[in-house]
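The values are calculated or read from the model by the stated rules, or taken from the named source; none is laboratory data. Computed from a predicted structure; not experimentally measured. Glycine gets a Cβ as well: all are built from the backbone with ideal geometry, and neighbour counts include every protein chain shown.
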């Protein structure tokens with residue numbers, strides 16, 4: 001999380017940026033739980049205390065419904081007001097892909113995660129991240 005985009009934003013706005021996670025596509029040939037991946041990413045960045053994450057669209061809809069119900073059913077001194085949400089400064093989008101390489105009974109699977117951080121106001125891509133992980137599987141040969 002220590003990249004120029006973060007320092008620049010914090011210096012210009014005198015606060016930490018808010019981020020929302022957009023679509024992370026699984027383009028791999030395997031089932032990968034993208035939700036678990038996103039949760040891990042949000043946890044790491046949030047725990048750094050240098051970024052705030054805002055709720056996803058699905059979560060926001062559920063929370064907004066709760067506020068509407070509070071307006072009708074909750075005591076006035078405990079109701080939460082509408083219009084107090086934080087807007088996201090950046091949206092994180094990306095892909096998860098795999099490359100499979102097999103030779104002499106050894107199978108190598110390369111997982112690649114590519115992420116972009118896009119400024120919501122200007123559409124400028126402020127950061128690119130990439131992580132590669134290699135998994136090697138050796139197959140036992142049967143001899144007859």
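Just a few scattered comments:
- Looking only at residues in region 22-34 that are outside any strand (DSSP E or B) and within 17 Å of residue 116 (Cα to Cα), the one that is modelled with the highest pLDDT is 27.
- Residue 49 meets the conditions (1) part of a loop (DSSP other than H, G, I, E, B); (2) at pLDDT below 90 in every case but one. The failed one is (2).
- Against the numbered list (1) part of a helix (DSSP H, G or I); (2) on the phi > 0 side of the Ramachandran plot, residue 83 comes up short only at (1).
- Scanning region 103-120 for residues that are farther than 18 Å from residue 4 by Cβ and either in a strand (DSSP E or B) or within 21 Å of the chain's Cα centre (by Cα) (or both) yields 103, 106, 107, 108, 109, 110, 111, 112, 113, 114, 120.
- Only one of the numbered conditions (1) loosely packed, with under 11 Cβ neighbours inside 10 Å; (2) within 27 Å of residue 124 (Cβ to Cβ); (3) without any contact (Cβ under 8 Å) to a residue 24 or more places away in the chain is violated by residue 87, and that is (3).
- Against the conditions (1) surrounded by 16 or more Cβ atoms within 10 Å (Cβ to Cβ); (2) touching a residue at least 24 places away in the same chain (Cβ under 8 Å); (3) touching a strand residue (DSSP E or B) at 6+ places or on another chain (Cβ under 6 Å); (4) under 18 Å from residue 131 (Cβ atoms), residue 38 satisfies every one except (2).
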